[in-house]
Amino acid sequence: MKRRLLSLTLAATMALSLAGCRGAEPAPTTAAPTEAATTAAAAEGETTAAAEEAAPAEDFKIGIITGTASQGDEEITQANKMKEKYGDMIVTSTYPDNFTTETETLISNAVAMASDPAVKAIVWCQAVPGTAAAIDKVRETRPDMIFIAGTPGEDPGVINPKADIVLQVDEPGCGIVIPPQAKKQGAKTMIHYSFPRHMSYALIVARHENLKKYCAENGIELVDVTAPDPTGDSGITGAQQFILEDVPRQIEKYGKDTVFFTTNCGMQEPLIRSVFENGAIYSLQCCPSPFHAFPAALNIDMAGHEADVAYMMEQLQAKVDEAGMNGRVSTWGVPCNMLFVNAGVEYAKKVLEGKTNGVVLDDAVLRETLQECAKQYDPNANMTIDYYKDDQGNAKDNHYLVMSDFVTFE
């Protein structure tokens, strides 16, 4: 296994929008003691400071909203692990699979979670379309709620003013680093599967534009193929069936030195399976992770190893060796969506415990938390964390883009 660093920085900085920059609600405290009470406490050898220090620190709950396991089980797996770690401090919920047509259900689930006054923060991953509307609805009654949105499905101009913090894979950056990685793996052609809904998202479009540019620079022909939208009439089953049928057609036309990429999580499993069966090339998922679709596609037993990166890497290497795909398969060692759930909870906990200088967005603490959580999955991970920049070059300092290095299975 050979680790290749292909990280790329998109650095910048900008002031946080007013809607996403609010002071953290202070932890509950008792009223100031009267002089008599203070004197009595002192007589008993206690001080007001000591009494406050002894007060319970975790008088709050953190909510996690994820999708179901049907389009990817990493987020819900990590949510369950956070509940195992923190018990009743964590409450979980899911949004419907067909979130594009069931927006009211998506919103009502968030409102129901926020109806518990003990819930002080909600971590959302993936933050699918409708998340911004759900945040607005919750804040009608809970203006104090902290929202951390991972992997947004809405454009930055929509989600950034609503969420306090946005966490996302550096999609434009992936468009820069994937082509040279694919070239090293022997690619001469790239098949890019997507559909109109995804190709209306700003960062997906930015990644695609970079793919076109850097594929050309690396001598790779980029071929766009329109696949069915999994939220459409044919559903996820129809989209997956299309991939299974189309990959062999594309390989017959362009040869095995073809790298395949899709913008959709639900299509990764059939794509990986078909790439392995036909001896093509696979560089990276839309949501990079060693756990994303590989286990189901390659029949890897994950029982007891749901977040064990070392185990997963060993199993992947064995499958690559078995298929004779050495040097033609890669991913990241850090599971990005699991990272966003993990770091989102840990950071929200720090905010609510008063460890972020009294503000919701403490840049230094957030970056430190992301790095700490990434090391839990891959101690050797080399991550960059940068701000998203809009078309005018203005950085949004509540929107973080993360990038890790490739792990190629040799």
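The values are calculated or read from the model by the stated rules, or taken from the named source; none is laboratory data. For clarity, every value in this text was computed on a predicted model and none was experimentally measured. No Cβ is skipped: glycine too gets one built from the backbone with ideal geometry, and neighbour counts run over all protein chains shown. Calculation scope for accessible area: heavy atoms of the full protein, side chains included, ligands and nucleic acids excluded. Shrake-Rupley method; radii C 1.70, N 1.55, O 1.52, S 1.80 Å.
For residues that are of a type outside the set (D, E, K, R) and either open to solvent by 60 Å² or more (accessible area, probe 1.4 Å) or over 28 Å from Ile159 (Cβ atoms) (or both), scanning just segment 196-221, find the one that is farthest from the chain's Cα centre (by Cα). So, considering only residues that are of a type outside the set (D, E, K, R) and either open to solvent by 60 Å² or more (accessible area, probe 1.4 Å) or over 28 Å from Ile159 (Cβ atoms) (or both), the one farthest from the chain's Cα centre (by Cα) is Gly219. Taking (1) within 19 Å of Ile236 (Cα to Cα); (2) within 22 Å of the chain's Cα centre (by Cα); (3) not basic (Lys, Arg) in turn, Thr101 satisfies each apart from (2). Got at least one residue in segment 192-209 being over 29 Å from Ala69 (Cα atoms) and touching a residue at least 40 places away in the same chain (Cβ under 8 Å)? Looking for residues that are over 29 Å from Ala69 (Cα atoms) and touching a residue at least 40 places away in the same chain (Cβ under 8 Å), one finds none in segment 192-209, hence no. A single entry from Val329, Val341, Val345 fulfils the requirement of being touching a strand residue (DSSP E or B) at 6+ places or on another chain (Cβ under 6 Å), open to solvent by less than 20 Å² (accessible area, probe 1.4 Å) and more than 17 Å from Lys85 (Cβ to Cβ): Val329. Can you find a residue that is among the aromatic types (Phe, Trp, Tyr) and either open to solvent by 40 Å² or more (accessible area, probe 1.4 Å) or at pLDDT below 95 (or both) anywhere in segment 264-277? No - not one qualifying residue is present in segment 264-277.
Checking each residue in segment 108-125 for being under 29 Å from Glu353 (Cβ atoms) and open to solvent by 10 Å² or more (accessible area, probe 1.4 Å) picks out Asn109, Val111, Ala112, Met113, Ser115, Asp116, Pro117, Ala118, Lys120. Any residue in segment 373-390 that is surrounded by fewer than 18 Cβ atoms within 10 Å (Cβ to Cβ) sitting within a Cβ distance under 8 Å of a residue that is aliphatic (A, V, I, L, M)? List the pairs, counting only those 6 or more apart or interchain. Listed pairs, sorted by first residue: Lys375/Ala381; Asn382/Leu5; Thr384/Leu8; Thr384/Val402; Thr384/Met403.
Among the strands (runs of 3 or more DSSP E) confined to segment 326-410, the ones with at least 2 residues that are of a type in the set (Phe, Trp, Tyr) are located at 384-389. Within the group Thr151, Thr189, which residue is at positive phi and touching a residue at least 40 places away in the same chain (Cβ under 8 Å)? After ruling out the rest, the residue left standing is Thr151.
Against the test of being free of Cβ contacts under 8 Å to residues at least 12 places away in the same chain, among the small types (Gly, Ala, Ser) and surrounded by fewer than 17 Cβ atoms within 10 Å (Cβ to Cβ), the options Ala323, Ala303 yield a single qualifying residue, Ala303. Within segment 149-166, the residues that satisfy the criterion of being of a type in the set (A, V, I, L, M) and open to solvent by less than 10 Å² (accessible area, probe 1.4 Å) are Ala149, Ile159, Ala163, Ile165, Val166. Within segment 101-147, the set of residues being touching an Asp or Glu at 6+ places or on another chain (Cβ under 7 Å) and touching a residue at least 40 places away in the same chain (Cβ under 8 Å) comprises Lys120, Cys125, Gln126, Asp144, Ile146. Of all the residues in segment 296-315, those that are over 20 Å from Val169 (Cβ atoms), out of contact with any helix residue (DSSP H, G or I) (no Cβ under 7 Å at 6 or more places or on another chain), part of a helix (DSSP H, G or I) and of a type outside the set (Asp, Glu) number 3. Taking segment 126-140, which residues are of a type outside the set (A, V, I, L, M, F, W, C) and either under 14 Å from Asp155 (Cβ atoms) or open to solvent by less than 10 Å² (accessible area, probe 1.4 Å) (or both)? Within segment 126-140, Pro129, Gly130, Thr131 qualify.
Scanning segment 259-277 for residues that are within 18 Å of Gly327 (Cα to Cα), in a strand (DSSP E or B) and of a type outside the set (Phe, Trp, Tyr) yields a single hit, Val259.
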